[in-house]
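See structure below.
Derivation of every value follows stated rules applied to the coordinates shown; laboratory data play no part. Owing to the predicted nature of the structure, the values given are computational and were not obtained by experimental measurement. Note: ideal-geometry Cβ built from the backbone for every residue, glycine included; neighbour counts use all protein chains shown.
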Amino acid sequence: MAAMKIDKVVSSLPDPLDADTVYAVRVGEGFDLYISNSDGTAAYKLNTLNIVVSDTEPASPAMGLIWVDTS
């Protein structure tokens with residue numbers, strides 16, 4: 001089994017990609033996760049949920065939104 005690497009938060013996916021690597025790509029105040037394939041020719045974005053961490057309930061939450069109440 002190949003070793004898997006996790007790369008630090010980056011502003012965009014590098015070119016070329018490293019094989020078998022998890023990339024954290026900065027988006028706004030958070031990040032998206034991508035995983036490259038075994039030969040580094042493609043990176044696939046992980047399916048994620050919309051999570052809002054706030055002490056104020058969203059006025060009109062989107063379908064599938066998870067709200068974490070911090071109050």
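Quick look at the values:
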item: Length gained when the stretch Lys5-Asp18 is fully extended (0.36 nm per residue, less Cα-Cα span); result: 3.8 nm
item: Estimated distance in nm for a label pair at Ala42 and Val68, the labels positioned 7 Å out from Cα along Cα-to-Cβ; result: 3.2 nm
item: HN-Hα J in Hz across region 15-23 - Karplus 6.51, -1.76, 1.60, θ = phi - 60°, x for Gly and Pro; result: 10, x, 7, 7, 5, 6, 10, 9, 10
item: Table column - 3J(HN,Hα) (Hz), region 25-37, Karplus curve with 6.51, -1.76, 1.60, x for Gly and Pro; result: 9, 4, 9, x, 8, x, 7, 9, 9, 10, 10, 7, 7
